[in-house]
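The values are calculated or read from the model by the stated rules, or taken from the named source; none is laboratory data. The shown structure was predicted, so the numbers you read here are calculated from the model rather than taken from an experiment. Because the Cβ atoms are built from the backbone with ideal geometry, glycine has one as well, and the counts that use them run over all protein chains shown.
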């Protein structure tokens, strides 16, 4: 019996590494899901900690690298965010969501419009069936606006609008309206800009609440667009 017990213990010990390896993907997925929840609740510091643990298990997971980048932005660390996005894109340069986020970081925090325009264009051309279609189109349109290409911006806005579900994503619908007004303003199409701006002003309180649903990157985009429209109020 003693020998049998020793043999059983030996088999369990031999099987332990295999069990740990098989459990690793599930544990990694749980960490990433928990980190995303913490980020959505505004606890970016805790999200960074959890994403760090997830990356220790799977350093090359692009979804985790992307999430870590967004959490770093929440802590005001644009350079660190860019480093994580660069790593994600180096692994998968066809990832439209990572390209879109890097375009926004470059545009908002670095004012590197040419690079932002290149990334957002790449995200559009490589999207295929991957990525968030509306997010990709909006980022590309915003980069066009920063590059003083108002007509291209309006074209992007019009491509983005039908890709939105207004009931499920009212915050992004607000960005579409604000971006469209800013494009009309840049193109000196004042009646259209004023008409859209008036519609936004009527729902200002609701818009403020809706904006809280956006990630920090998109809140910064929205804030920049609203600054551009203040002259119309």
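With the condition being closer than 20 Å to residue 173 by Cβ and more than 11 Å from the chain's Cα centre (by Cα), I'd like the helices (runs of 4 or more DSSP H) fully within the range 91-150 carrying at least 3 qualifying residues.
It comes to 133-146.
Looking at 230, 212, 219, 158, which one is out of contact with any helix residue (DSSP H, G or I) (no Cβ under 7 Å at 6 or more places or on another chain), surrounded by fewer than 18 Cβ atoms within 10 Å (Cβ to Cβ), within 23 Å of residue 98 (Cα to Cα) and at pLDDT below 90? I'd like the intermediate steps shown before the answer.
Values: 230 fails: within 23 Å of residue 98 (Cα to Cα); 219 fails: out of contact with any helix residue (DSSP H, G or I) (no Cβ under 7 Å at 6 or more places or on another chain); 158 fails: at pLDDT below 90.
Among 230, 212, 219, 158, only 212 is out of contact with any helix residue (DSSP H, G or I) (no Cβ under 7 Å at 6 or more places or on another chain), surrounded by fewer than 18 Cβ atoms within 10 Å (Cβ to Cβ), within 23 Å of residue 98 (Cα to Cα) and at pLDDT below 90.
Considering only the range 14-23, I want to know if a residue exists there that is surrounded by 12 or more Cβ atoms within 10 Å (Cβ to Cβ) and modelled with pLDDT under 90.
Here is the first cut: in the range 14-23, the ones surrounded by 12 or more Cβ atoms within 10 Å (Cβ to Cβ) are none.
The answer is no, given that none of the residues of the range 14-23 is surrounded by 12 or more Cβ atoms within 10 Å (Cβ to Cβ) and modelled with pLDDT under 90.
If you go through the range 119-134 one residue at a time, do you hit one that is more than 19 Å from residue 99 (Cβ to Cβ), out of contact with any helix residue (DSSP H, G or I) (no Cβ under 8 Å at 6 or more places or on another chain) and modelled with pLDDT under 90?
no
Is at least one residue of the range 152-168 under 29 Å from residue 46 (Cα atoms) and in a helix (DSSP H, G or I)?
no
Could you check the range 73-87 and list, in sequence order, the residues that are crowded, with 19+ Cβ neighbours inside 10 Å and either at pLDDT 95 or above or closer than 13 Å to residue 32 by Cβ (or both)?
Across the range 73-87, the qualifying residues are 81, 82, 84, 85.
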